[in-house]
C-alpha cells in the first residue's frame, strides 16, 4: 500500500468518526453528508489541478491537501498547528519521503486565515488557494444548503447567511496566492454572486 492510499484511509476514518459524533450529538439519524470528508476531496481535486499546471512537487502537495484539516479532529482554533504535527506522525508511519515532511507541515501550518501574507513555498500557496476556492462557487452553495437546515435555519436565514458569506468571498478572492488561483476565484465568485442576488430577489419578493 503506497503512502497516498494510507493517508486517504486515515483521513476517511477520521472524518467518519466525526460524522458519527455529530449524528450522536444532534440526532441526525442516518444523515450521511460528511462535510469535512467532501471538503477534503474537493480541496484535493482543486489543488491537483493547480499543482499540475504550475509545476508543484506533487508528493508534498498531495500530502498537504489530504491532511490539511486533520487537526480539526482534535481542535478548531489551532487546527493548522496541531494538524501539522499530526501529519508528521502519520507520514513517518508511511513510505512518504521523510525529507519532504517539513514542507508538508509548513503548507498545513500556513493554510489558515484570510490575511494578505504569501507563503514561502509554491505548495503552500496552492494549498491556501485550493482551500479557499472550495469556499467559492457552486460547491459552497450546495454545502451551505445542506448544512443550514441542520442548524434550524430557514430560507430567510439563508439569504442573510449567503449575503454575509459573499462579503467574505470577495475578500478571499482578492487575496489568492497564485495568478491561476485568482482567475479561478473570480469565476467562482461570479457564480456565487449571481446565486445570492437571485436568491435575495426571490425570497424577499413578497416581503
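FYI, it's all coordinate maths here, none of it is from the lab. The structure presented is a predicted model; accordingly, all values stated were derived computationally and were not measured. All Cβ positions, even for glycine, are placed from backbone atoms using ideal geometry, and neighbour counts span all protein chains on display.
In plain terms, if you count all Cα to Cα distances in the chain and split them into 10 Å steps from zero, the share in each step is 8, 32, 34, 20, 5, 1, 0 percent.
Estimated at 0.36 nm per residue, the fully extended path between residue 156 and residue 93 surpasses their Cα-Cα distance by 17.8 nm. When 13, 88 are arranged by Cβ crowding within 10 Å, least crowded first, meaning fewest neighbours, the order is 13, 88.
Taking the C-alpha atoms only, the angle from helix 35-54 to the longest principal axis of the chain is near 60 degrees. If you fit an axis through the alpha-carbon atoms of helix 137-147 and take the longest principal axis of the Cα set of the chain, what angle between them do you get, 0 to 90°, nearest 10? Relative to the chain, helix 137-147 is tipped by roughly 80 degrees. Taking a point 7 angstrom from the Cα of residue 170 along the C-beta vector, which residues in the stretch 104-144 have backbone N less than 15 Å away? Under cut-off, by backbone N: nothing. Taking 0.36 nm per residue of separation and subtracting the Cα-Cα distance, full extension of the segment from residue 117 to residue 100 would add 3.8 nm.
The stretch between residue 186 and residue 74 holds 37.0 nm of extra length on full extension. This uses 0.36 nm per residue minus the Cα-Cα distance.
Across the stretch 135-207, C-alpha contacts under 8 Å between residues 6 or more apart give a mean separation that, scaled by the residue count, equals a relative contact order of 47 percent.
Rounded to the nearest 10 degrees, the angle from helix 155-174 to the longest Cα principal axis of the chain is 50 degrees.
Taking the inverse of the mean reciprocal distance over all distinct Cα pairs, the Kirkwood hydrodynamic radius of the stretch 63-177 comes to 15.5 Å. When the Cα convex hull of the stretch 135-207 is projected onto planes of every orientation, the mean area is 4.8 nm². Cβ-Cβ distance of residue 200 and residue 52, R₀ of 45 Å, FRET efficiency by 1/(1 + (r/R0)^6): the value works out to about 0.75.
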